[in-house]
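Scroll down for the structure; my scribbles are underneath it.
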Amino acid sequence: MKKSSSTNRILPVTSTKSGTTQLVADQVYGYTNQIVNAYFIQTNADLNEWVLVDAGMPTSGTKLLHAAERLFGRDHHLKAILLTHGHFDHVGGIVSILERFPVPVYAHSLEIPFLTGKKQYPEPDASVEGGTLAKIASVYPVEAIDISEHIHPLPEDGTVPLLTDWGWVHTPGHTPGHVSFYREKDQLLLAGDAFVTVKQDSLYRVLTQVKSVEGPPVYLTTDWDAAAKSVKQLAALHPQIAATGHGQPISGEALTSGLMELAEQFHERAVPSHGRYVDE
């Protein structure tokens, strides 16, 4: 496996929720790692088996596994990793996790070139309209990782391996192969960065985790028209609980009204007034 700056570069950004774990819904737990969230889905309580959704910030693998140990016991068994996309803050711990648990990793076929060392993501846009975390975006790594021996495309029929009551939805814009995961029985949405619940470019809001329904992080979103369509697609699912890549879980009227407003006013509320990928 190829390690890279996307898995090794230590980034001194954090939030007041870093290191905390919370129950999101039945058998689903969220773990905040600095400024990003990973999700643990228990698949078999008797055997302490679970699936990981996204893999945190660079160098975070040990922290994620310690969180799993607290949740599921020292004899826990990771069975698979699902990726919403492959940005550094969603794969940062994956190499060290796979060294201990050599499990299959699933992602959209359009995301696989970024996970097999064949293609790097576009550079972050530090010129984009936004707050402090946008202005320092040039330090965020985009170097591809190579986990070729573990990576598999998600099934084309929309099903999710090992999670029979879940489905996946292609939600591009933030990246070409971005996906979100949806459990229909309780209308639970794991949205990745298709939308988030904190204004991710604002250092103060990220630090304090002020909750609001926002568009994808501005400094790494490269296709704003596709991002708008993805938010409308997710709003049409009418989720009752949403857990995103950044920010805290949101539910009820705050989610319903916030997501609908974002979908209807996406270009006014989410698209920056200027920036490399806006202008292009």
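Some points to look at:
- Residue in the stretch 256-276 that is assigned to a loop (DSSP other than H, G, I, E, B) and among the charged types (D, E, K, R) present: no
- Unique match (being of a type in the set (Phe, Trp, Tyr), closer than 28 Å to His150 by Cα and out of contact with any strand residue (DSSP E or B) (no Cβ under 6 Å at 6 or more places or on another chain)) among Phe181, Phe195: Phe195
- Among residues of the stretch 41-68 that are under 16 Å from His90 (Cβ atoms), none has a beta-carbon under 8 Å from a residue that is of a type in the set (Lys, Arg) and surrounded by 24 or more Cβ atoms within 10 Å (Cβ to Cβ) at least six positions away or on a different chain.
- Test result for Ala242, more than 18 Å from Ser127 (Cβ to Cβ) and either of a type in the set (S, T, N, Q) or surrounded by 21 or more Cβ atoms within 10 Å (Cβ to Cβ) (or both): yes
- Top-ranked residue of the stretch 219-244 - restricted to ones that are of a type in the set (S, T, N, Q) and not in a helix (DSSP H, G or I), ranked as nearest to the chain's Cα centre (by Cα): Thr244
One line per residue, one yes/no per condition, for (1) closer than 23 Å to Phe88 by Cβ; (2) crowded, with 21+ Cβ neighbours inside 10 Å:
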site: Leu188; (1), (2): no, yes
site: Val198; (1), (2): yes, yes
site: Val206; (1), (2): yes, yes
site: Gly215; (1), (2): yes, yes
site: Asp225; (1), (2): no, no
site: Gln233; (1), (2): no, no
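- Qualifying residues in the stretch 124-151 (those that are under 18 Å from the mean Cα position of the chain (by Cα) and of a type outside the set (A, V, I, L, M)) - the one surrounded by the fewest Cβ atoms within 10 Å (Cβ to Cβ): Glu143
- In the stretch 47-95, residue surrounded by the fewest Cβ atoms within 10 Å (Cβ to Cβ) [restricted to those that are in contact with a strand residue (DSSP E or B) (Cβ under 8 Å, 6 or more places away or on another chain), closer than 27 Å to Ser5 by Cβ and polar (S, T, N, Q)]: Ser60
- Residue in the stretch 14-29 that is out of contact with any helix residue (DSSP H, G or I) (no Cβ under 8 Å at 6 or more places or on another chain), of a type outside the set (Asp, Glu) and assigned to a helix (DSSP H, G or I) present: no
- For the stretch 245-258, the set of residues classified as more than 17 Å from the chain's Cα centre (by Cα) and surrounded by 16 or more Cβ atoms within 10 Å (Cβ to Cβ) consists of Ser251, Leu255, Thr256, Gly258, listed by residue number.
- Within this structure, Val278 fails the test of being out of contact with any Phe, Trp or Tyr (no Cβ under 6 Å at 6 or more places or on another chain), aliphatic (A, V, I, L, M) and within 22 Å of Gly19 (Cα to Cα).
- Residue match in the stretch 173-184 (condition: among the hydrophobic types (A, V, I, L, M, F, W, C), in contact (Cβ under 8 Å) with a residue 12 or more places away in the chain and under 17 Å from Leu234 (Cα atoms)): yes
- Contacts under 7 angstrom Cβ, first residue in the stretch 143-160 being among the charged types (D, E, K, R), partner surrounded by 13 or more Cβ atoms within 10 Å (Cβ to Cβ), 6 or more apart: Glu143/Ser4; Glu143/Ser5; Glu143/Ser6; Glu143/Gln120; Asp146/Met1; Asp146/Lys2; Asp146/Thr116; Asp146/Gly117
- Residues of the stretch 1-34 that turn out to be of a type in the set (A, V, I, L, M, F, W, C), buried (at least 16 other Cβ atoms within 10 Å of the Cβ) and modelled with pLDDT of 95 or more, as a count: 3
The values are calculated or read from the model by the stated rules, or taken from the named source; none is laboratory data. Just so you know, these numbers come straight off a predicted model, no measurement behind them. Heads up, the Cβs are rebuilt from the backbone with ideal geometry, glycines too, and the neighbour counts pull from every protein chain shown.
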